[in-house]
Amino acid sequence: MATDLTKLDELWIAEKPSNQAVIEKAMRGLGAQWVNSSTSRADGFVLLNWNGKSIAVSSVFGHMLSMVLPRGYESYQRYVEQSKELGRWDFFGFLPFFPPELLYVSKPELGRDGKPVTRGGQPVESVRLKLIEQLLRKAKVVVNACDTDREGQLIFDEIVMRRLKQDPAVPRFTRVRIVNTDDKAMMETVHT
């Protein structure tokens with residue numbers, strides 16, 4: 001991160017970059033000053049100073065985490081080995097599948113060609129997810145500005161619960177409801 005974030009009062013997380021831009025525009029329309037205008041693209045977030053508060057606005061790209069497929073669980077691998085030893089394979093013999101805990105993995109970083117970036121044959125973890133995690137750890141207050149439907153809430157909760165191991169219902173996390181993204185409506189939403 002090129003920008004110093006020793007004091008980050010608020011972090012706003014949008015579900016997609018277009019919503020991030022609308023939120024940032026509304027805040028600047030209300031008088032917020034853009035702190036990292038020359039480095040915001042490289043930083044991956046917009047840093048604003050608004051009434052003495054340091055506010056970062058960033059976005060995710062939809063679901064940043066996905067559930068691990070059954071073959072990624074140790075119990076599945078054991079079943080495969082047992083099947084080889086017995087000389088028979090019954091795919092449905094593994095069912096029902098109830099792991100003690102569902103595992104999640106971050107979506108890989110994608111190159112300009114849309115293919116996963118790999119290092120040493122393994123996919124590289126999403127740079128944006130790492131950035132969001134760092135910002136979440138530094139911010140005093142986090143505003144969930146993802147879409148207001150179940151999916152938007154889940155996208156935010158997955159990151160907070162799986163990466164930070166925190167409860168997204170604690171007072172540090174707040175929710176803003178963005179229904180209309182026109183300038184006037186956004187200014188009213190952001191101001192409250």
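Brief remarks on what is shown
- Carbon/sulfur fraction of accessible area - the chain, other protein chains in place, 1.4 Å, %: 53 percent
- Axis angle, to the nearest 10 degrees, between helix 150-163 and the longest C-alpha principal axis of the chain: 80 degrees.
- Under 17 Å from the Cα of K165 - lysines, other chains or at least 8 residues apart: K130, K138, K140
- Each helix, a run of at least 4 DSSP H residues, gives -39500 (n - 2.57); summed and divided by the residues of the chain, these come to -10000 deg cm²/dmol at 222 nm.
- Sparsely packed loop sites in the range 97-137 (the trypsin sites (Lys or Arg not before Pro) outside DSSP H, G, I, E and B with at most 10 other Cβ atoms within 10 Å) comprise R112.
- Shown here: Cα Rg over 2.2 N^0.38 Å, derived from the displayed model; of the candidates [x] 1.26; [y] 1.00; [z] 1.13, it corresponds to [x].
- Relative contact order, percent, the chain [alpha-carbon distance under 8 Å, six or more residues apart]: 27 percent
- Helix 17-29 and the longest principal axis of the C-alpha atoms of the chain enclose an angle of approximately 20°.
- Between the range 23-50 and the range 82-157, the alpha-carbon centres lie 29 Å apart.
- Taking amide H atoms as placed 1.01 Å from N in the peptide plane, the amide H of L8 lies under 5 Å from those of K140, each 5 or more residues away in sequence or on another chain.
- Among L110, L47, L129, the residue with the largest mean-square fluctuation in a Gaussian network model of the chain, with springs joining Cα atoms closer than 10 Å, is L110.
- Most mobile listed residue (P168, P100, P108) in the chain, GNM with C-alpha springs under 10 Å: P100
- Within the shell defined by Cβ-Cβ distances under 11 Å, the residues around R162 carry a net charge of -2, with Lys and Arg each +1 and Asp and Glu each -1.
- Sites matching chymotrypsin sites (Phe, Trp or Tyr not before Pro) across the range 49-120 that sit in DSSP coil, with at most 11 neighbouring C-beta atoms within 10 Å: W89, F97
- Remark: the chain carries 61 Å² of accessible area per residue (probe radius 1.4 Å; ligands, DNA and RNA excluded).
- Antiparallel DSSP beta bridges within the chain, as percent of all bridges there, nearest 5: 50 percent
The values are calculated or read from the model by the stated rules, or taken from the named source; none is laboratory data. All of these numbers come straight from a predicted model, not from anything done at the bench. Reconstructed Cβ throughout: ideal geometry from the backbone, glycine too, with neighbour counts over all protein chains shown. SASA here: full protein model, heavy atoms, side chains in, ligands and nucleic acids out. Shrake-Rupley method; radii C 1.70, N 1.55, O 1.52, S 1.80 Å.
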